[in-house]
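Student: The structure under discussion is supplied below as structure tokens; questions concerning it will follow.
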Amino acid sequence: MSSELGAGAVVDAEVAAILDQVPSLAGGPRVIAELPGGLTNRNYKVTTPDGVFVARIWAESGGDLLAIDRDHEYRNSVIAAEAGVGAPVIEYRPEHRVLVMGFLEGRTFGNADVQDAANIPRVASAVRRLHAAPRFVSDFDMFEIQPRYYRAARSGGMAVPAGYEDLAPAFEAAGAVLAASSEGTVPCNNDLLAANFIDDGERIALIDYEYSGNNDPCFELGNIAGECGLDAEALEGLVTAYYGSRRAGRAARAHLFIPVSQYGWTLWGAIQHATSPLDFDFWAWGMERFEAAAAAFTSRGFARLLDEVQEGD
């Protein structure tokens, strides 16, 4: 096997050995470049005579604590690809901790790109394509995930932000209101950070299905807003573009899902802070979300937001 590193890449012997065991990436010359991002995977662009691929290599442990199921990720990635919104799935080798995807040519978004008014309808269109796909093989519900994260953190003796439990009544109140007005679930990515949007100039693709599962579509819209820094006007524009008309109740619903998601992701950060070998400040990442959730749950407008969700469109 002849391997050559791409510019700026550092690929250790373990990674090379893993790639040597994956048929689509072995058996010929290749150029390997490490890709930025990825807090639960190491991602590599691998160029071979047969094409350009992305190898996602995950850690040997930790997925269960974070509610990641790699079989579900693989199967949902196939569904998203067949729906024309995700990257093609080339090969799945769980015994080697590798998922191989086709490399998508295009520009990776930053927060400013998602916030751009010109891109809001395009983002909504991509999300609608995903949500119209056949149902995923798994579900994702932050009101089930958050207690799971909390049990893992507490049973593992992990640090949790001071005052976290004080916000539980607001989180539960949000859950009750959202459940009472639910209109069902659709296939969702559930983790649409800006870096998970790839723009080829015509359409936007959505990548990374680690946390994918059937979920409330407004969770997806609200989570996008929270992770990409959309203000209230931009979120309303996203909801309007998604539904095709102004939907006051759905906008309130998406808005309420912002602190709901942030409250849950706070514990994701706490677990990663305690367990991840990566050189990344997971505690600061989690605290940023905790502080945003706390501000929303304790604001004067929180009770009104609950009412607006119940009032509907």
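Student: Simple spin-label model, 7 Å along Cα-to-Cβ: Ser155 to Asp71 in nm?
Tutor: With each label placed 7 Å out from Cα toward Cβ, I get 2.0 nm.
Student: How many angstrom separate the Cα center of region 177-230 from the Cα center of region 88-145?
Tutor: 8
Student: Okay, moving on. Under unit Cβ charges (Lys, Arg +1; Asp, Glu -1), what dipole magnitude, rounded to 20 debye, does the chain have relative to its Cα centre? Before the final figure, lay out the partial values.
Tutor: Values: 24 positive and 44 negative charges, 69 e Å.
The calculated dipole for the chain is roughly 340 debye.
Student: Can you work out the Karplus-derived ³J(HN,Hα) for every residue in region 33-41? Use 6.51 cos²θ - 1.76 cosθ + 1.60 with θ = phi - 60°, whole Hz, and x for glycine or proline.
Tutor: Each residue of region 33-41 in turn: 9, 6, 9, x, x, x, 9, 10, 9 Hz.
Student: Now a separate question. For Trp283 and Ala59, compute 0.36 nm times the residue count separating them, minus their Cα-Cα distance, and round to one decimal in nm. Show your work: numbers first, answer last.
Tutor: Numbers: separation 224, 0.36 × 224 = 80.64 nm, distance 1.96 nm.
Stretched fully, the Trp283-Ala59 segment lengthens by 78.7 nm.
Student: Run the simple label-point estimate for Gln310 and Lys45 please: 7 Å along Cα→C-beta, distance reported in nm.
Tutor: Taking the two extended label points, one gets 5.2 nm.
Student: Choose one of Ala195, Gly86, Ala33: the residue whose Cα lies farthest towards the positive end of the charge dipole of the chain (beta-carbon charges +1 Lys, Arg; -1 Asp, Glu; about the Cα centre).
Tutor: Result: Gly86, furthest along the dipole toward the positive end.
Student: Let me know the longest stretch in the chain that avoids all trypsin sites (Lys or Arg not before Pro) found in a DSSP loop with at most 15 other C-beta atoms within 10 Å. Provide the component values of the computation, followed by the final result.
Tutor: Details: sites that count: Arg135, Arg203, Arg246, Arg300.
The longest such stretch corresponds to 1-134.
Student: GluC sites (Glu not before Pro) within region 22-83: which are DSSP loop residues with at most 12 other Cβ atoms inside 10 Å? Write down the numbers at each step before the final one.
Tutor: Values: sites: Glu34, Glu60, Glu73, Glu82; in loops: Glu60.
Loop-located and lightly packed - Glu60.
Student: Net charge near Asn43, counting Lys/Arg +1 and Asp/Glu -1 over other residues with Cβ under 12 Å of its Cβ?
Tutor: On the way: positive: Arg42, Lys45, Arg56; negative: Glu34, Asp208, Glu210.
Combined, the nearby Lys, Arg, Asp and Glu give 0.
Student: Then there's this: 5 Å is the cut-off here: which amide hydrogens, built 1.01 Å from N in the peptide plane, fall below it relative to Ile90, excluding neighbours closer than 5 in sequence?
Tutor: Val100, Met101, Gly102
Student: Please list, ordered by chain and number, the residues whose modelled amide H lies under 5 Å from the amide H of Phe136; skip anything fewer than 5 residues away on the same chain.
Tutor: Distant-sequence amide H within range of Phe136: Asn214.
Student: Residue by residue through region 91-97, which ³J(HN,Hα) values in whole Hz follow from phi under the Karplus form 6.51 cos²θ - 1.76 cosθ + 1.60 (θ = phi - 60°), with glycine and proline marked x?
Tutor: Once θ is set to phi - 60°, the couplings for region 91-97 become 7, 10, 10, x, 5, 10, 6 Hz.
Student: Under the 0.36 nm per residue contour assumption, what length would be gained going from the current alpha-carbon distance of Ala176 and Val31 to full extension? Spell out each step's value before the answer.
Tutor: Values: separation 145, 0.36 × 145 = 52.20 nm, distance 5.17 nm.
Taking Ala176 through Val31 to full extension adds about 47.0 nm, to one decimal.
Student: Under a 5 Å amide H to amide H cut-off, with H placed in plane at 1.01 Å, what residues pair with Leu35 once short-range neighbours are removed?
Tutor: Those lying under 5 Å, H to H, from Leu35 are Asn43, Tyr44, Lys45.
Student: Counting helices only, and only those DSSP H runs with n ≥ 4, report the 222 nm mean residue ellipticity of the chain as the sum of -39,500 (n - 2.57) divided by its residues, in deg cm²/dmol to the nearest 500.
Tutor: Rounded to the nearest 500, the figure is -14500 deg cm²/dmol.
Student: Let me ask you something else. If you place +1 on the Cβ of every Lys and Arg and -1 on the Cβ of every Asp and Glu, how big does the dipole about the Cα centre of region 3-102 come out, in debye to the nearest 20? Working shown, then result.
Tutor: On the way: 8 positive and 14 negative charges, 42 e Å.
My answer is approximately 200 debye.
Student: Show me, for region 112-126, the HN-Hα J-couplings you get by feeding each phi into the Karplus relation (A = 6.51, B = -1.76, C = 1.60, θ = phi - 60°), rounded to Hz, glycine and proline as x.
Tutor: Each residue's phi maps through the Karplus curve to give 4, 5, 5, 6, 4, 4, 5, 8, 4, x, 6, 4, 4, 5, 5 Hz.
Student: Here is a further query. Where does helix 142-155 land angle-wise versus the long Cα axis of the chain, in degrees 0 to 90, nearest 10?
Tutor: The two axes meet at around 70 degrees.
FYI, it's all coordinate maths here, none of it is from the lab. Treat the numbers as computed from the prediction; the structure is a model and nothing was measured. Glycine also receives a Cβ, built like all others from the backbone with ideal geometry; neighbour counts cover every protein chain displayed.
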